[in-house]
Amino acid sequence: MKCRLVFLFSILFSISAFAQHEIREKLYSRILRDTVYYHVMVPENRDTAERLPVLYAMKYGMIDGPYIASQLRYFRSAGYPVLNMLVVTVVADMDRIGFVYNTGLLTAPGLQFLDCLKNEIFADVQRKYNASDFRAYVGHSYAASYANYIFQHEPDMFNGYILLAPEKAGMDAALDEKAIRNNRETFYYAAVGEFDMERRHAYAKENCNKLTAFNKGRFFIKYDSIPRGDHSNILTMAIQPGLEFISQRYDPHADIDPGKNAWEGFLRVAARVETAYGIRVEKNYRWYSRFAQLAIQQKDSVSLVKLLDYFNSDKLKGYDTRNFGDYCVQLGLLKRAEQYYRSTIQKTLAIKEREGWEAFTLIDCYRALAVNIEKNDHEKAWEYLQKALQYGGKNVDIYFLVGTYAVDNAYNVQKGVEYLLQYLRLRKDIIDDIHWSYEKIYTKLGKGYYLLKDAVNARLYLQKSLVINPENREAKELLVKL
């Protein structure tokens, strides 16, 4: 139903979006004999028991940690297939970074700082924030060229690179086959704005072409020219494709073996995710729905049960376990579906601070118990529908649904007609696109009055329905009977 779909999208956006806060960290580096500062953006609702990949950056050029984190939050809330990541920006000026354009090498202080980054900052972040072994790097201009040095000389430091407008460096900076020492899957994304200098385009292309030439299946490589991009806006324009590129092995829709059943397919994808990112897949709608729907398509109830058992968690919302019940109904697992509906009702009624989705979920569960579980017992079904009607103030469509049940099952038809008339009155002041059409309302009222042997009102509403849609078969057939 349109109303439920619209509400589902709205709650997915609101609940998957997460507030973030910046933590300012410092550590005394024995390597540098100085204090080093770094800032961490943490997803506020993260599960601290689950490890998170880290996106590192130097606080240089257009790089801004809070902005990157807010974009990451938005992409995830909008359903983009991107990793949930910590964002760490290290405070370091050009002297401390020590990258020399002319040679493409590091100064002595730069080598010390790289040693500090690799052996002290990484360890500090991992210890304090339960970071996974997957580390990515995002850099702009000078800081992007610096990353090419790291990729070449310290290939184990990062698994992913988002390099924005890297500047041409000296001959010693040119990538060669030594970079193939990295035996892990590595993502290399280089983007330059359409209106940026040609030398930057040429340098990014050159590096991507070289990597492609000696790639042996471990590198994922992409060069992008960003439309309307320039040297200043490249972060804004390229952060989305960059994050999607380094997250590509985390997509639940990618590389599913068609020869596997849904459960085996999930295990294969979960293993891929753990290998690439050092994390387990998230127990959320985007992941469970993909494989549950696959099990339903394959009519594989065994896989569906295994999947739902795997994804079930105390941290799921009521609408998630409601979905579990709906999936079970589609494969005829009615006992299990009933358990999910009842547990959802119990958990939802216990919530003291409501978020807005609760009434919709309760209506769905009570109605599902009526029309799916008690479909052969009208008396019990009607009791559940009356419970659903308690929440009509939040979702007026329940009046149409209960009225339709009564009319279609010839049970309590008089009450059913009253509910349909009530819906018709309420229907005047709500948006047409997401609620039941007047054609359907008139048809059901016509049918209700037909069952009540009220030919005048039956004819009135059936004719109204045919004015909207002259091809309405049900209305035409009922008029013939009249």
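Since every read-out is calculated from the coordinates, none of them should be taken as a lab result. Everything quoted here is computed from the prediction, not taken from an experiment. Ideal geometry is used to build each Cβ from the backbone, glycine not excepted, and the neighbour counts take in all protein chains shown.
At a Förster distance of 25 Å, what's the computed FRET efficiency of Ala410 paired with Lys476, Cβ-Cβ distance as r, to 0.05?
It comes out at approximately 0.80.
With 10 angstrom as the radius, rank Asp255, Asp64 by how many other C-beta atoms surround their C-beta, starting from the fewest.
Least crowded to most crowded, the residues run Asp255, Asp64.
Hey, for a label at Lys26 modelled as a point 7 Å past Cα toward Cβ, could you say which residues of the range 79-96 have their backbone N under 11 Å away?
Within reach of a label on Lys26: no residues.
Helix-derived [θ] at 222 nm for the chain: sum -39500 (n - 2.57) over DSSP H runs of at least 4, divide by residue count, nearest 500?
Per the formula, -16000 deg cm²/dmol.
What list do you get for Val273, Val54 if you sort them by fewest beta carbons within 10 Å?
Fewest-to-most ranking of Val273, Val54: Val273, Val54.
Along Cα→Cβ, 7 Å out, is where each label goes; now give me the distance between the ones at Ile434 and Glu50 in nm to one decimal.
Label at Ile434, label at Glu50, 2.7 nm between them.
Given points 7 Å out from each Cα along the Cα-Cβ axis, report the Leu460 to Asp115 separation in nanometres with one decimal.
With each label point 7 Å from Cα toward Cβ, the separation is 9.2 nm.
Expected output is a single nm value to one decimal: the length gained when fully extending between Asn469 and Arg342, i.e. 0.36 nm times separation in residues minus the C-alpha distance. What is it?
41.8 nm
Taking only the alpha carbons of the range 199-245, what extent do you get along each of the three principal axes, in Å, biggest first?
Sorted from largest, the Cα extents of the range 199-245 read 34, 26, 12 Å.
Filter the GluC sites (Glu not before Pro) in the range 305-362 down to the DSSP loop ones having no more than 16 other Cβ atoms within 10 Å, then list what survives.
Of the GluC sites (Glu not before Pro), the ones in loops of the range 305-362 whose Cβ has at most 16 other Cβ atoms within 10 Å are Glu353, Glu355.
May I ask you to compute the full-extension gain from Ala271 to Lys453, defined as 0.36 nm times their residue separation minus their alpha-carbon distance, rounded to one decimal in nm?
Here the segment from Ala271 to Lys453 would lengthen by 59.2 nm.
Can you sort Phe187, Phe122 by how many other beta carbons sit within 10 Å, fewest first?
In increasing order of surrounding Cβ atoms, one gets Phe122, Phe187.
Taking the Cβ-Cβ separation of His153 and Glu206 as r and a Förster radius of 22 Å, what is the calculated FRET efficiency to the nearest 0.05?
FRET efficiency, His153 to Glu206: 0.75.
Which chymotrypsin sites (Phe, Trp or Tyr not before Pro) does the range 203-265 hold that lie in a coil by DSSP with at most 14 other beta carbons within 10 Å?
The qualifying sites are Phe214.
With the crude spin-label approximation of a point 7 Å out along Cα→Cβ, what separation in nm comes out for Lys315 versus Ala213?
If labels sit at Lys315 and Ala213, their model points lie 4.6 nm apart.
Give me the percent relative contact order of the chain, please, defined on Cα pairs under 8 angstrom at least 6 residues apart.
Reported as a whole number, the value is 9 percent.
I need to check one value: relative contact order of the range 401-482, counting alpha carbon pairs closer than 8 Å and at least 6 residues apart, in percent.
Working: 90 pairs, mean separation 20.1, N = 82.
In percent, rounded to a whole number, it is 25.
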